[in-house]
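J.: Mind looking over this structure? Questions follow.
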Amino acid sequence: MAETELLPASQAGISRAAALLQDGALVAFPSETVYGLGGDARRDDSVARIFAAKGRPVFNPLIAHLPDVDSVMRYVGMPPAAQMLAERFWPGPLTLVLPLREGAGISSLATAGLNTLAVRVPAHPVARALLAEFGGPLAGPSANPSGRISPTTAEHVMAGLTGRIEAVLDGGPCQVGVESTILGFAADGGNRPELLRAGGLPLEVLEAAIGAEIAGPGNADPQRPNAPGQLGSHYAPDALVRLDALSATAGEVLVGFGPLRGDLSLSPTGDLTEAAARLFHIMREADALAGPGGRIAFAPIPEHGLGRAINDRLRRAAAPRV
Ligand code: TXA
Ligand code: MG
């Protein structure tokens, strides 16, 4: 493949990105959570190339990104509770797994053959402009090699995928910094969601909107895999990772939080929003500081609000490597 193009988030850059996608090419795009690796979700060839570029196992399905609730309804059925959440939190860092409509035209590679589809309406203005101009469902896993640290800048995407995709649309650093919260509705075909992945929209906010607790593997038992494919080691730097550290042992790079100072800090003021936004960037910095064969220790992060998503990513970064 020719060199990966770095496109500015101008009208010209967005039009170029949309034209490439319409041609079946792969374009990484900014979202408010992390950068996505975009390809036409209706085309088997494009979706197959997403899996190949990431080295992603094909049993792990992809999220379809769409510009608004109306376009989402063309692809999936929506129980009333899902509709309520969609109206309230879209565009935003929420993904809903819903029953796929028959004949919707989504590549069965994108859904890994499931009869459900994960859908999301992103809030980032560049993603919205791209979706409007592309005019279809955009498959978009995080734009990183499978298992590695998710990208929150165009430079991160280039570092992992250059030469493997046609272009990266540069929309600057992502504001939220961790992936979307995933709720599943499909399990009993009913109205009650379960948490499949903690993410950028805090569980407490969703529970308040629903007026009930939200259960699920991603909530009840953080040791168990949640969404398919999210097994074991993920979001992994090169260095080995230790959690809930109150101090560094010899040779470790310590990442602090709040009053616990480290070599680096997720947030010196103990602000979880800041910590989420910086998480993947700090993981990369700590990895570089630790060097080959190095080790990173993370200070404890409270398990509420965005802390739930941060801890989920840290636990996977610390999971045994296969
Ligand atoms: O914030 C995000 O969600 C980012 C941005 C780019 O939108 N995307 C992202 O995609 O994180 P990815 O592929 O890295 O993670 C999607 C997760 C995977 O764990 C996958 O297993 C799950 O969504 N998933 C996709 N379709 C599913 C389905 N039908 N049922 C259950 N889980 C599903
Ligand atoms: Mg990912």
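J.: Indicate, rounded to the nearest 5 percent, the antiparallel portion of the DSSP beta bridges found entirely in the chain.
T.: If I count the DSSP bridges inside the chain, around 45 percent turn out antiparallel.
J.: Projected area of region 1-141, taken from the Cα convex hull and averaged over every viewing direction, in nm²?
T.: So the mean shadow area of the Cα hull is 7.9 nm².
J.: Please compute the net charge surrounding Pro8, taking Lys and Arg as +1 and Asp and Glu as -1 over other residues with Cβ under 10 Å from its Cβ.
T.: 0
J.: One quarter of the convex hull surface, Cα atoms only: what value does that give for region 18-69 in nm²?
T.: Taking a quarter of the hull surface, the average projection is 4.1 nm².
J.: Here is a further query. Kirkwood hydrodynamic radius, the chain, all distinct C-alpha pairs: what's the number in Å?
T.: 19.7 Å is the Kirkwood radius here.
J.: Within the accessible area of the chain, what % is carbon and sulfur when the probe is 1.4 Å and the other protein chains stay in place?
T.: Looking at the chain in its full context, I get 55 percent from C and S.
J.: Taking a virtual spin label 7 Å from the Cα of Glu207 along the C-beta vector, which residues in region 284-322 bring their backbone nitrogen under 20 Å of it?
T.: Answer for this model: 301-313.
J.: Net charge near His124, counting Lys/Arg +1 and Asp/Glu -1 over other residues with Cβ under 15 Å of its Cβ?
T.: Net charge around His124: -3.
J.: Now a separate question. In square angstrom, what is the accessible area per residue of the chain with a 1.4 angstrom probe?
T.: Per-residue value: 40 Å².
J.: Give me D for region 85-171 in µm² s⁻¹, whole number, from Stokes-Einstein with Rh from the Kirkwood sum over alpha-carbon pairs, 20 °C and 1.002 mPa s.
T.: Translational D for this selection: 144 µm²/s.
J.: I'd like the GluC sites (Glu not before Pro) in region 244-302 restricted to DSSP loop residues with at most 10 other Cβ atoms within 10 Å, sorted by number.
T.: Counting only loop positions with at most 10 other Cβ atoms within 10 Å, none of the GluC sites (Glu not before Pro) in region 244-302 qualifies.
J.: Based on DSSP H assignment, which helices of the chain show an axial Cα extent of at least 20 Å together with a mean Kyte-Doolittle hydropathy greater than or equal to -0.5?
T.: Answer set is 272-290.
J.: Run the numbers for Asn191 and Glu3: contour at 0.36 nm per residue of separation, minus the present Cα-Cα distance, in nm.
T.: Taking 0.36 nm per residue and subtracting the Cα distance, the gain is 63.0 nm.
J.: Label Asp244 and Gln11 with points 7 Å out from Cα along Cα→Cβ: what is the distance between them in nm?
T.: Calculated label separation equals 5.5 nm.
J.: For Phe59 and Ala112, compute 0.36 nm times the residue count separating them, minus their Cα-Cα distance, and round to one decimal in nm.
T.: 18.6 nm
J.: Find how many whole Å separate the alpha carbon centroid of region 238-274 from the alpha carbon centroid of region 75-121.
T.: 37 Å
J.: Report the net charge of residues surrounding Thr95, where surrounding means a beta-carbon distance below 11 angstrom and charges are Lys +1, Arg +1, Asp -1, Glu -1.
T.: +1
J.: Arg197's amide H: which non-local residues (gap 5+, or another chain) put their own amide H closer than 5 Å, with H modeled 1.01 Å from N in plane and none for Pro or chain starts?
T.: Ile182
The values are calculated or read from the model by the stated rules, or taken from the named source; none is laboratory data. Nothing here was measured: the structure is a model prediction, and the numbers come from that model. Because the Cβ atoms are built from the backbone with ideal geometry, glycine has one as well, and the counts that use them run over all protein chains shown. Quick note on the areas: whole protein, heavy atoms, side chains included, nothing else; ligands and nucleic acids left out. Shrake-Rupley method; radii C 1.70, N 1.55, O 1.52, S 1.80 Å.
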